[in-house]
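K.L.:
Please find one structure pasted underneath; my questions will follow.
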C-alpha cells in the first residue's frame, strides 16, 4: 500500500469530518495546531486516532501523541509509518 | 395491570413527545428493555421499562406531546390475564398538543358495555385488534359484508390517524436546548446556595502510570486521564457521601451508588450530562468503554432514559478547551458538581524546592443546604490523595457503598 501526500491528506480530512462534521477542509491551515482550528475534545481526538488506525493500519503509540499537533505533523507521521511498513 | 408512565428525563423536563413505539400490543417486554423513543427539548431519548410484562395497550400515539407522569401504555404483569375491555381503566386521552389536531380516534367508552346489536357488525378479529389499540370499533366505517367492520378497517383507521399526526417534530433543537438549560440553571442559581472550593492536584504519578499501562496496548484499549479522574471522584465520594444524591422536598436523599453525570458538549452547542452508573463498582476498562459509548450516543442523539434521569453528581471536564479552573453550576436536584481543568505543567513546591509538574485544578461546587466547606475540603483532599496512588485506585472496585458510616449526623 503506498500513499502520496495529497491522497493521504484527503483521507485524514475525511476522517476528521466524520468526527467533526462542521469542518471545512479548505479552511484548515496545515501549519496551525489542529485542535485550535477544530473543536475536538480528548474523546474526539482519541476517536480520530482510532479511525486513522482502522483506516490506514497505522499504530500510533501514546508516547507519540505529542508529535501530532498540526495536520502536516499528522501527515508526516503517517507517511513515515506507511513508508516503513511498505519496505 | 402495569401503568407505564412518561419518566422525567431531567430536571428541566415537564413534557415530552412520543416519537415511536418499539413494542406493540401483545409483545412481551423485559425489565430494562427500550420500549419507546421520546423527544425532550434536549434530545430524543430511548425510554426503558423497569418491569417484565406484556404490552396491552398504547395510551399515547406517536406524535403526541404529553406531560411527565402521563400513562403512555398499560401492560399486563407476568401471569396476569387480560381484563375484559369494558373493565379496563379509562383510556383517558392526555392533554396532547399536536400542531394540527388529528382526526380523533373513537376511544373505548369507559365502563360501559358496547351495545350488543353493534357487535354483529364487527368481525371478532377486528374487535380484538380494536381492543388492543384502545379504539372503539363501532366508530370505524366498515367495508366488509353488510358494512361490517373488518380487521383491515381497524388497521386503516389507525394508520390514517397516525398519518395525520405531525411527524417527529424537531423544531429548533438549538433554541429548545438553550431554553431548557436556561430553566434548569436559573432554578439552580435561585434555589441552591452554592459554595466553591478549588485544589491543585499533581498528576505526574497518574500520567506516568497511565502511560505505562497504555504502552503497547491497541489504541482502542487505552485509557484517558478523564477516566481515572472519574474513578477517583467515585472513590472520594465514599468518604464524603454528603455530596452524592438528591435534594428533594426540603431534604437530602443520599445515594448509596455513584451515578456520575458526565457533561458532554454537543457539536453546534448545548450539552447533556447523562450518567455512567455505579462508577465505584466498575473497573477502569469498563468505564472507558462506557464513557466512549456515552459520548458517541450523546452526540448521535440516542441516550437512554435511565442515563438521563438519575445522575447523582455531575462531573465536568473543560481541560480539553484549555481552561484552568471550572466553577460549576449544580444540576438540580443534585447537590454537587466536580470540575476538572486542563492538565498542564505548573510550579509545585516539594521539600522546599519549586518543581515543574503536571497539575490539574479540581473544583467542587456544592449545595450548602446539604454539606459544608469542611466536608467539601475533605472530598478534594481525598480526591488528591487517590490520584497519587493510581494503581490502588484502579484496583479499587467496590460494590455500591452502603448507607452506613459517615452518612448521617453531619450538619
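K.L.:
Please give the length that would be gained between residue B:327 and residue B:372 if that part of the chain were fully extended, namely 0.36 nm times their separation in residues minus their C-alpha to C-alpha distance (nm, one decimal). If you can, show how the numbers build up before the last one.
P.N.:
Details: separation 45, 0.36 × 45 = 16.20 nm, distance 1.69 nm.
Net length gain for the segment: 14.5 nm.
K.L.:
Calculate the FRET efficiency for residue B:281 and residue B:212 from the Cβ-Cβ distance with a Förster distance of 25 Å, rounded to the nearest 0.05. Spell out each step's value before the answer.
P.N.:
Numbers: r = 25 Å, r/R0 = 1.00.
Computed FRET efficiency for residue B:281 and residue B:212 comes out at 0.50.
K.L.:
Please arrange B:49, A:19 by counting, for each residue, the other beta carbons lying within 10 Å of its beta carbon, fewest first.
P.N.:
Details: B:49 24, A:19 19.
With the fewest neighbours first, B:49, A:19 line up as A:19, B:49.
K.L.:
What average count of beta carbons from other chains do you get within 10 Å of the Cβ of residues in B:70-76? Intermediate results must be reported in sequence, preceding the final value.
P.N.:
Values: counts 0, 0, 0, 0, 0, 0, 0.
Mean shielding count: 0.
K.L.:
Using the C-alpha gyration tensor of the stretch A:5-86, what are the square roots of 5 times its eigenvalues, in whole angstrom, with the largest one first? If you can, show how the numbers build up before the last one.
P.N.:
On the way: eigenvalues 69, 38, 31 Å².
That gives 19, 14, 12 Å for the three semi-axes.
K.L.:
Based solely on C-alpha atoms, express the radius of gyration and the Dmax of the stretch B:12-66 in angstrom.
P.N.:
Cα-based Rg and Dmax for the stretch B:12-66 come out at 11.3, 34 Å.
K.L.:
Let me ask something else about it. Report the semi-axes of the equivalent ellipsoid for the stretch B:173-395 in whole Å, largest first, where each axis is √(5λ) for an eigenvalue λ of the Cα gyration tensor. Numbers along the way, then the final one.
P.N.:
Numbers: eigenvalues 144, 93, 57 Å².
Taking √(5λ) for each Cα gyration eigenvalue gives 27, 22, 17 Å.
K.L.:
Further, regarding this structure: In peptide A:53-62, how many Cβ atoms from other protein chains are near each Cβ within 10 Å, on average? Before the final figure, lay out the partial values.
P.N.:
Values: counts 3, 2, 0, 0, 0, 1, 3, 1, 7, 11.
The mean count of partner-chain Cβ atoms within 10 Å per residue comes to 3.
K.L.:
Relative to the longest principal Cα axis of chain A, at what angle does helix A:5-19 sit, 0 to 90 degrees, rounded to 10?
P.N.:
Approximately 50 degrees, to the nearest 10.
K.L.:
Provide a whole-number value for the mean count of partner chain Cβ atoms within 10 Å of the Cβ atoms in peptide B:289-299. Show your work: numbers first, answer last.
P.N.:
Values: counts 0, 0, 1, 4, 0, 1, 6, 2, 0, 0, 4.
If you average over the peptide's residues, the count of other-chain Cβ atoms is 2.
K.L.:
If one computes the Cα centroid of the stretch A:1-55 and of the stretch B:287-355, what distance in Å separates the two points?
P.N.:
The distance from the Cα centre of the stretch A:1-55 to that of the stretch B:287-355 comes to 25 Å.
Laboratory data are not the source of any read-out in this text; all were calculated from the coordinates shown. Quick caveat: nothing in here was measured; it's all calculated off a predicted structure. So basically every Cβ, Gly included, is an ideal-geometry build from the backbone, and we count neighbours across all protein chains shown.
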